[in-house]
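Since the structure comes first, as C-alpha cells, the remarks are kept for the end.
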Amino acid sequence: MAYPSTATHYVNYTPRQLDLFSSRAAAHYASVGVPARMSSTDPVQVVGLLGLSNLEYLITLLAITRLGHTVLFLSTRLSKEAYLGLLSDTNATTLLVYPAFRAMSARIQAQMQISVRPVLGRSDYDNLTPL
C-alpha cells in the first residue's frame, strides 16, 4: 500500500508492516479498555472512530477488527446530537478520536457514558509490542 507522506511523496507499506502496525495498535487498545474477544460467546463491542481518513485511520480499523469488534465510522461533519444518536443507537462502548476532535468528544462524553481514547499515531504503534 502506498500512502502520501507529503502532497507528492508516497511511502510504500508492505502487508507485513501493516500487520505489525495493526497488531501493536490492537495490543494497546486492548490494554486501555477494548478487550479482545477470546470466543464467540464474548460480546462484540461497537467502537466509534472519529477522525480523518489517513494511515492511522486504516491501522485503527485493522486493530479494532483484529480484536473482534465492530468499527462505527463517524463523519467529521456531524452535529453533537447526531453523534449522540448514532453512538446511543449502536450501543457504542468506546470512542476513538483524533486530537482535532477532542472538544467534540468532551461534549459527547458530558452527555453519555462512553470511554473516549485517542487514536494512536504512527510514532505510537511503531514502538509498541505486538499481541
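The values are calculated or read from the model by the stated rules, or taken from the named source; none is laboratory data. If you're wondering where the values come from, they're calculated on a predicted model, not measured in any experiment. Neighbour counts are summed over all protein chains in view; Cβ atoms, including those assigned to glycine, are modelled from backbone coordinates with ideal geometry.
Between 66, 117, which is closer than 25 Å to residue 42 by Cα, of a type in the set (Lys, Arg) and buried (at least 18 other Cβ atoms within 10 Å of the Cβ)? Write out each step before concluding.
On the way: 117 fails: buried (at least 18 other Cβ atoms within 10 Å of the Cβ).
That would be 66, the only listed residue that is closer than 25 Å to residue 42 by Cα, of a type in the set (Lys, Arg) and buried (at least 18 other Cβ atoms within 10 Å of the Cβ).
Inside the range 77-93, can you point out the residues that are part of a loop (DSSP other than H, G, I, E, B), loosely packed, with under 13 Cβ neighbours inside 10 Å and either in contact with a Ser or Thr (Cβ under 9 Å, 6 or more places away or on another chain) or not small (Gly, Ala, Ser) (or both)? Let's see the steps before the verdict.
Applying the first criterion (part of a loop (DSSP other than H, G, I, E, B)) to the range 77-93 yields 77-79, 90-93.
Those left that are additionally loosely packed, with under 13 Cβ neighbours inside 10 Å: 77, 79, 91.
Within the range 77-93, 77, 91 qualify.
Conditions (1) within 15 Å of residue 120 (Cβ to Cβ); (2) out of contact with any Phe, Trp or Tyr (no Cβ under 7 Å at 6 or more places or on another chain), marked per residue:
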residue: 4; (1), (2): no, no
residue: 9; (1), (2): no, yes
residue: 22; (1), (2): yes, yes
residue: 30; (1), (2): yes, yes
residue: 55; (1), (2): yes, no
residue: 58; (1), (2): yes, yes
residue: 61; (1), (2): yes, yes
residue: 86; (1), (2): no, yes
residue: 95; (1), (2): yes, yes
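Among the residues of the range 30-53, is there at least one that is closer than 27 Å to residue 1 by Cα, charged (D, E, K, R) and touching a residue at least 12 places away in the same chain (Cβ under 8 Å)?
No, that holds for no residue.
Only one of 96, 61 is within 27 Å of residue 2 (Cβ to Cβ), part of a strand (DSSP E or B) and in contact with a Leu (Cβ under 9 Å, 6 or more places away or on another chain). Can you tell me which? Working first, answer last.
On the way: 61 fails: part of a strand (DSSP E or B).
It is 96.
Hey, can you tell me all the residues within the range 16-45 that are surrounded by 15 or more Cβ atoms within 10 Å (Cβ to Cβ) and in contact with a helix residue (DSSP H, G or I) (Cβ under 8 Å, 6 or more places away or on another chain)?
18, 21, 22, 23, 24, 25, 26, 28, 29, 34
Going through the range 52-68 one residue at a time, which ones are in contact with a helix residue (DSSP H, G or I) (Cβ under 9 Å, 6 or more places away or on another chain) and either at pLDDT 95 or above or farther than 12 Å from residue 97 by Cα (or both)? Explain how you work it out, then say what you get.
Taking the range 52-68 first, the residues in contact with a helix residue (DSSP H, G or I) (Cβ under 9 Å, 6 or more places away or on another chain) are 52, 55-56, 58-67.
Those that are in contact with a helix residue (DSSP H, G or I) (Cβ under 9 Å, 6 or more places away or on another chain) and either at pLDDT 95 or above or farther than 12 Å from residue 97 by Cα (or both): 55, 58, 59, 60, 61, 62, 63, 64, 65, 66, 67.
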